[in-house]
Ligand code: GTP
Ligand code: MG
């Protein structure tokens, strides 16, 4: 699939005020600074569509984009930023939980994992949480260009191994780099595939 048109629609903290749930929705989430906004810009081919930043915690709201007039792409605020206050973290948890519970058109969540790291507890816990909530998800490893292919493979395998301690079946795993534009077609083709189902 090609993205011909990508439009920013709105930012929200309230699920009720999000666009009408009349189209399939795909949400992107992961630790702060993992590269969510950069990946969205890479997928849509629009550099400044989602705001990126080298300081973590830039995305604080639920951001809706309308793609090809037929599906929603959502940039969700990241988790795991150490400098965030306890209250903000709790606010984030409530907002995200409510979003996953109520957003009836949510089709798949893309959980972004930084491919530079060995498996992180926060990421593993987040996938477990999604499982408990019954939210369908896939994994997207980001920032492949930051290290050797060998190192990436080691980290990806270690993550898969850790996941298989709690999951019988592993989710799909994509490998990407927003910098080098790796993984774009794979993700867009996957979205197209589930869109027609
Ligand atoms: P928050 O919204 O703050 O949670 O961050 P985010 O997950 O949206 O990350 P963002 O896209 O803003 O990127 C964070 C930093 O990582 C920026 O400095 C990006 O330029 C950099 N970055 C993102 N993706 C890549 C990538 O594939 N390769 C490299 N080398 N850098 C990347
Ligand atoms: Mg962001």
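General remarks:
- For the stretch 167-188, the set of residues classified as touching a strand residue (DSSP E or B) at 6+ places or on another chain (Cβ under 9 Å) and touching a residue at least 12 places away in the same chain (Cβ under 8 Å) consists of 171, 172, 173, 174, 175, 176, 177, 178, 182, 183, 186, 187, listed by residue number.
- Residue that is farthest from residue 116 (Cα to Cα), among those in the stretch 132-151 that are in contact with a helix residue (DSSP H, G or I) (Cβ under 8 Å, 6 or more places away or on another chain) and within 15 Å of ligand 1 (Cβ to nearest atom): 139
- Residues of the stretch 93-110 that are within 16 Å of ligand 2 (Cβ to nearest atom) and at pLDDT 95 or above: 99, 109, 110.
- Hits in the stretch 16-39 - residues which are closer than 13 Å to residue 61 by Cα and surrounded by fewer than 17 Cβ atoms within 10 Å (Cβ to Cβ): 17
- Residue check for residue 96: surrounded by 15 or more Cβ atoms within 10 Å (Cβ to Cβ) and within 15 Å of residue 74 (Cα to Cα): yes
- Picking from residues in the stretch 23-36 that are touching a strand residue (DSSP E or B) at 6+ places or on another chain (Cβ under 6 Å) and within 9 Å of ligand 2 (Cβ to nearest atom), the one that is nearest to residue 100 (Cα to Cα) is 28.
- No other residue among 178, 154 is within 16 Å of ligand 1 (Cβ to nearest atom) and at pLDDT 95 or above apart from 178.
Residues are listed down the side, and each one gets a yes or a no for (1) under 21 Å from residue 16 (Cα atoms); (2) surrounded by fewer than 17 Cβ atoms within 10 Å (Cβ to Cβ):
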position: 87; (1), (2): no, yes
position: 91; (1), (2): yes, yes
position: 100; (1), (2): yes, no
position: 126; (1), (2): no, no
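- Applying the condition of being surrounded by 18 or more Cβ atoms within 10 Å (Cβ to Cβ) and within 16 Å of ligand 2 (Cβ to nearest atom) to the stretch 166-180 and asking which residue is farthest from residue 42 (Cα to Cα) yields 176.
- Sole exception among (1) more than 27 Å from residue 4 (Cβ to Cβ); (2) modelled with pLDDT of 95 or more for residue 43, by number: (1)
- Taking first residues from the stretch 70-92 that are modelled with pLDDT under 85 and partners that are assigned to a helix (DSSP H, G or I) and loosely packed, with under 14 Cβ neighbours inside 10 Å, the Cβ contacts under 6 Å between residues at least 6 apart in sequence or on separate chains come to 80/122.
- Members of the stretch 93-103 that are free of Cβ contacts under 8 Å to residues at least 60 places away in the same chain and under 19 Å from residue 123 (Cα atoms): 93, 94, 97, 100
- Against the list (1) more than 13 Å from ligand 2 (Cβ to nearest atom); (2) farther than 27 Å from residue 196 by Cα; (3) in contact with a strand residue (DSSP E or B) (Cβ under 9 Å, 6 or more places away or on another chain), the condition residue 51 fails is (1).
The values are calculated or read from the model by the stated rules, or taken from the named source; none is laboratory data. For clarity, every value in this text was computed on a predicted model and none was experimentally measured. No Cβ is skipped: glycine too gets one built from the backbone with ideal geometry, and neighbour counts run over all protein chains shown.
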